[in-house]
């Protein structure tokens, strides 16, 4: 199900048919370095991983979305909103396969997801977390309008992360975009 489209991208719900793509994405070297090893080695592992995403949709109304290039239908990454256990807020996250980085896709997808958070889910604050040594992610978060707030340790993790956030009042700094029902 398509959630939102941009000029070049379609963001949609994961399905169990995305198992091969999910396995590839979560085993990408950058994912493993910056996000962590999720232990997804087989297609069955990937289906279990996707099942957790489907549960997240049911519980919160949002989650990780597959990012596809509209022109080709090829999945290139994910971007979405996450409600993490032990944290009070909602955060935005993204990851893209190596061959699709550096083309503005992450910025385009994350801008659409922030708009979705504000307009459809009426969230007033979005956070983001990244390891301090992920300079590309930090730069993108700042380009999206999120500002560094603090360094913290997530529940159950052994490594510090940098927390960024954006808050909205009544203005709409993100402009208009097609949000699909």
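What follows draws every value from the coordinates through simple rules; no lab data is involved. Computed from a predicted structure; not experimentally measured. Note that each Cβ is placed from the backbone with ideal geometry, even for glycine, and that neighbours are counted across all protein chains shown.
Based on the Cβ-Cβ distance from residue 151 to residue 83, what FRET efficiency comes out when R0 is 25 Å, to the nearest 0.05? Given R0 = 25 Å and the Cβ-Cβ separation, E is 0.70. Relative to the current alpha-carbon distance between residue 48 and residue 24, full extension at 0.36 nm per residue lengthens the span by 7.2 nm.
Using a 10 Å cut-off on Cβ atoms, rank the peptides 88-99, 143-154 from the highest mean neighbour count down.
Working: 88-99: 17.0, 143-154: 13.8.
So the order, starting with the most tightly packed, is 88-99, 143-154.
Just to verify a number: FRET efficiency for residue 135 and residue 69, C-beta to C-beta distance, R0 = 22 Å, to 0.05? Working shown, then result.
Working: r = 26 Å, r/R0 = 1.16.
My answer for the efficiency is 0.30.
Modelled label positions at residue 37 and residue 142, each set 7 Å beyond Cα in the direction of Cβ, lie 3.2 nm from each other.
If packing is taken as the average number of other Cβ atoms within 10 Å across a peptide's residues, how do 74-84, 130-140 rank, most packed first?
74-84, 130-140
Hey, what did region 2-122 get for relative contact order, percent, Cα under 8 Å, at least 6 apart? Mind dumping the intermediate values first?
Details: 175 pairs, mean separation 29.7, N = 121.
Computed value for region 2-122: 25 percent relative contact order.
Over the chain, dividing the summed -39,500 (n - 2.57) contributions of all DSSP H runs of at least 4 residues by the number of residues returns a 222 nm mean residue ellipticity of -9500 deg cm²/dmol.
The GNM of the chain, with springs linking C-alpha atoms under 10 angstrom apart, assigns the highest mean-square fluctuation among 100, 164, 65 to 100.
Shown for 69, 40, 113: other C-beta atoms within 10 Å of each C-beta, ranked fewest to most, produce the order 69, 40, 113. Extending 7 Å from the Cα toward the beta-carbon at both residue 15 and residue 2 defines two label points whose distance is 1.4 nm. Size descriptors for the chain (Cα atoms only): Rg and Dmax, in that order, 15.4, 46 Å.
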